[in-house]
Structure formats: C-alpha cells, structure tokens
Amino acid sequence: MHLHQTTKDVLERILEAEKKQCYSMHVDSQPSLDFIPIDASFSYHKTISKRVGYFFVNQFLVKPYRFYANHIWLQTEIVGKQNIKSISSGAILTCNHVNKLDSLVVGHALKDRHIRYTAAEFNNLKGRLGCFMRAHGMLSIPSKQCYMRKFSMEVADSLKKKDWILFFPEGSEWWCYEKPRPYQTGAFHFAAKHHVPIVPLFITFKKTTSIDSMGLEKRKFILHILRPIYPKNNLSLTENKAYLKEENERVIWDCYKRFYSI
C-alpha cells in the first residue's frame, strides 16, 4: 500500500467518528514506532552539521519525492496562488488534513516560501522516515502541556524570520474526507498573538477511474489557496482568536460549497 492511500477499515472508522461528531478523532491505527519525545532535553535548534545534512536530504531526496507524489500520484492542481503575492511577513497556514502527504501538497504549491509543518509528537520518528520529515521542515507539537513553552518560542522565532507555519487545525487526518471539520484554536492563537495573517488552504478532490491495490478509487487533489485573513487592530487577543477562527471556517465552507456545487 502506498503511503498516500488508506484501507477500508479506516474509512469505516471515519464514518463512525462522523456519526458521533468526534471530528478530531485519530482513525488510523498508530504503529508502535520509536519517536523522539519533546521533553526537557529536547531542543528545536539544530547544529550546523545537522542543518547541512537536512539541506542535502531535502534537496536530493525529499523534493524529488514531493515532485513525484504531486505530479504522478495525487495529480495536484493549485488554485489561487495570486491571493498570497502581497504577503511579505510570516504567516500561519491552515489546511484540512485529508492525506498523509498533505504537507508535501502544501510544499509543492508554496515551494517559493520557507514553511514549517506542525505535526503531532508521535510523528517525530527515529530513523530514516523521521529524518526525511524533519528535513522537510517538520515542527513537532509536544504532547505534554509543560513543554508547550518550547514550542511557542520556536513558533515566535520562525515567524520573526518570516517563515510560514502550517497547522492542521482539525487535529487528525481523515483520508479524502470532503467536508470541513471544526477547527481547534491553536493556529489562531499564534496568528493573533504575533499579529500575522492566516492563509486558509482547502483540499478538494476529483474522482478518477484508477483503483488502487486496496480496491479504493484514487483521487485527484486540488489545493485552494484562499485570501489571507488579517487580525484586527481594534480587537483583543481573545477576540482576534475568535474572529480569525470563525472567518477561516466561513471561507472554507464557502469554498467547499462552491466546488461541490452544494
């Protein structure tokens, strides 16, 4: 099975979670793989030798894989790149989480920007796959609240460098799920706190005639880059968080209804 596909039992768990309105439930079986925990000894800062190593891994392994995944497997189409031409600062990106290769889709669409990709701590794997993910820009989120200050400081530092940081605010991956799911607040907290724009992204799908080895129809991916949403100067941090979240959800639902003619 290719990494970007899924299995029928996962699709059944998505339907069950939808019935229960548990929209952030993890439906994929979590393999017992070793990962690097975000704890007191963990540092987001990389040594010079590690930065050089990740550069070459990204250039000669990750980027060719990203090109192949988008052009051959997912047949990615990009809509709306003109909406972000005016952004010269750091930014927070939000995207629906519908595939294990979502970050490669976003990286393909925005390859002229430096992007950090947030991921759950259990994705900070040891070994080759974890190395590839970190080389691509993975920014792991601690599972324990006591270490969130480290993460927050890294987000602040990245935004000062004018990096763009991708969040999947639905909180879990549901394979090729078409509808928008409710968003969690973390991405909007950082946008409001650092007064940077939210760039809403939304992935939709077109059906194809190809069937994979699991008997599932492959989908063509369309990434919609929507107009940025800026915090308002006259609102408090709490008010801006609520405004950014509500406006993001509104434009995502509009995109969904337009694309699927609902």
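The values are calculated or read from the model by the stated rules, or taken from the named source; none is laboratory data. All values derive from a computational prediction rather than experimental measurement. Cβ sites come from the backbone with ideal geometry, for glycine too, and all protein chains shown count toward neighbours. Side chains are part of the model used for accessible areas, which takes the heavy atoms of the whole protein and leaves out ligands, DNA and RNA. Shrake-Rupley method; radii C 1.70, N 1.55, O 1.52, S 1.80 Å.
Annotations
- Condition check for Q59 on (1) assigned to a helix (DSSP H, G or I); (2) within 21 Å of D157 (Cβ to Cβ); (3) polar (S, T, N, Q): one failure, at (2).
This table checks each residue for (1) closer than 26 Å to P228 by Cβ; (2) open to solvent by less than 70 Å² (accessible area, probe 1.4 Å).
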site: R51; (1), (2): no, no
site: V79; (1), (2): yes, yes
site: D102; (1), (2): yes, yes
site: C131; (1), (2): no, yes
site: G137; (1), (2): yes, yes
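- Cβ-Cβ contacts under 8 Å between residues 6 or more apart (or on different chains), taken from a first residue in the stretch 203-220 that is over 16 Å from K179 (Cα atoms) to a second residue that is open to solvent by 40 Å² or more (accessible area, probe 1.4 Å) and hydrophobic (A, V, I, L, M, F, W, C), are listed as D212/M1; S213/M1; M214/M1; L216/L11; E217/I211; K218/W73; K218/I211.
- Complete set of residues in the stretch 65-76 that are more than 12 Å from H136 (Cα to Cα) and open to solvent by 60 Å² or more (accessible area, probe 1.4 Å): F67, Y68, H71, I72, Q75
- Yes/no for Y147 being touching an Asp or Glu at 6+ places or on another chain (Cβ under 9 Å), in contact (Cβ under 8 Å) with a residue 12 or more places away in the chain and surrounded by fewer than 18 Cβ atoms within 10 Å (Cβ to Cβ): yes
- Lone unmet requirement of (1) among the aliphatic types (A, V, I, L, M); (2) assigned to a loop (DSSP other than H, G, I, E, B); (3) under 24 Å from K100 (Cα atoms) for L223: (2)
- Number of residues in the stretch 218-234 that are open to solvent by less than 50 Å² (accessible area, probe 1.4 Å) and under 21 Å from R250 (Cα atoms): the value is 8.
- Of everything listed in (1) in contact (Cβ under 8 Å) with a residue 60 or more places away in the chain; (2) surrounded by fewer than 17 Cβ atoms within 10 Å (Cβ to Cβ); (3) in contact with a helix residue (DSSP H, G or I) (Cβ under 7 Å, 6 or more places away or on another chain); (4) over 20 Å from D34 (Cα atoms), the single unmet condition for A156 is (1).
- Sole exception among (1) assigned to a loop (DSSP other than H, G, I, E, B); (2) surrounded by fewer than 13 Cβ atoms within 10 Å (Cβ to Cβ) for I87, by number: (2)
- Number of the condition not met by T47 [criteria: (1) in contact (Cβ under 8 Å) with a residue 60 or more places away in the chain; (2) surrounded by fewer than 21 Cβ atoms within 10 Å (Cβ to Cβ)]: (1)
- For the stretch 160-193, the tally of residues that are farther than 30 Å from E16 by Cβ, open to solvent by less than 20 Å² (accessible area, probe 1.4 Å) and of a type outside the set (D, E) stands at 5.
- Set L166, L216: member being aliphatic (A, V, I, L, M) and modelled with pLDDT under 95: L216
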